[in-house]
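Bear in mind these aren't lab numbers, they're just calculated from the coordinates by the rules spelled out. A quick note: this is a predicted structure, and the numbers were derived from the prediction, not measured. Backbone-built Cβ (ideal geometry, glycine too); neighbour counts: all protein chains shown.
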Amino acid sequence: MIKVQKQKINISEQNKKLLMKKIGAAVNFIGIARPTNNSGKIKYIEIEHYPKMTETKIKEIEIFATKKWKLDKCIIIHRYGKIKPGENIVYVGTATQHRNNAFKACEFIIDYLKVKAPFWKIEKQNNKKIYVKSIKKDENKIKINY
Amino acid sequence: MKIIYFSWLKEILGTSSENTKLPSNIKNIENLIKWLSAKSIKHKKVFLKSKNIRCAINHQIVNKNSKIKNKDEIAFFPPFTGG
């Protein structure tokens, strides 16, 4: 299941969905907006996305991960819009028969979302806004590992 | 052709999209960037950083040699920063 939404993600609701199947292992990852960056306190972040493309790219990765790691359940939810520090940004849940596949799939999906899904972050501080730059290390990780 | 801009490109240009009719000599993304750069100072400023700009044709990531047509939707944006 994939979703791109403005509102906060209800984590316990998603965990419940993840655990519904008869599975052996479930892993989740929750990305949270940080309160600070290198230059100080963050008031909020703003996430922009490319609506028609975002769902397609996330769907691709859901299909790929489900097949590669034999997932029984895969949930990917990413938020956009204004997000305050401490609020969730992204939820990835993977459930399968064995923990190894659940961990690997979850890590892969979040790595992929960072560099291959059309989202852009802006960090708003008191008197400035910072366009977050992509991290080369993250881009290389996807190239090397997958 | 519809051209869409995201993130800091949108801010510099002061618009998120524009509709334009391509001259017949504009065949690929590289031609399009050169042509757009000559359109205004703001466009020039954006595409000066073209090494840091990615592109999609009809929602598919492409490289700068990719062919374009008048009915395509083209998007320009910086590298993604999701997650």
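Computed from the C-beta positions of residue B:65 and residue A:12, the FRET efficiency with R₀ = 45 Å rounds to 0.40.
Region A:1-27 and region B:33-59 have Cα centres lying 40 Å from one another. Charge dipole of region A:81-133 (Cα centre as origin; +1 on each Lys and Arg Cβ, -1 on each Asp and Glu Cβ, all else neutral): 300 debye, rounded to the nearest 20. Given a cut-off of 19 Å, name the pairs among A:57/B:2; A:133/B:64; A:136/B:51; A:22/A:70; A:116/A:137; A:52/B:2 whose C-alpha atoms lie farther apart than that in the structure shown. Flagged as over cut-off: A:57/B:2; A:133/B:64. Computed from Cα atoms alone, the Kirkwood hydrodynamic radius reported for region A:1-41 is 13.1 Å.
The smallest convex shape that holds all Cα atoms of chain B, its convex hull, gives 88 Å³ per residue. To the nearest µm²/s, what D does Stokes-Einstein give for chain A at 25 °C and 0.890 mPa s, using the Kirkwood radius over alpha carbon pairs as Rh? Taking Rh from Cα pairs, D becomes 154 µm²/s. Straight-line cross-link partners of residue A:84 among the aspartates and glutamates, defined as a Cα under 16 Å from its Cα and at least 8 positions apart when in the same chain: A:46, A:48, A:123.
Other residues whose C-beta falls under 11 angstrom from the C-beta of residue A:58 contribute a net charge of +1, scoring Lys and Arg +1 and Asp and Glu -1.
FRET efficiency for the pair residue A:131 and residue B:38, taken as 1/(1 + (r/R0)^6) with r the Cβ-Cβ distance and R0 = 25 Å, rounds to 0.50. For region A:84-137, the convex hull spanned by the alpha carbon atoms encloses 104 Å³ per residue. Sparsely packed loop sites in region A:5-87 (the chymotrypsin sites (Phe, Trp or Tyr not before Pro) outside DSSP H, G, I, E and B with at most 16 other Cβ atoms within 10 Å) do not occur. Build a GNM of chain A with springs between Cα atoms under 10 Å apart, and of A:121, A:41, A:136 the one that fluctuates most is A:136. With the biggest extent put first, the Cα atoms of region A:31-105 measure 42, 30, 17 Å across the principal axes.
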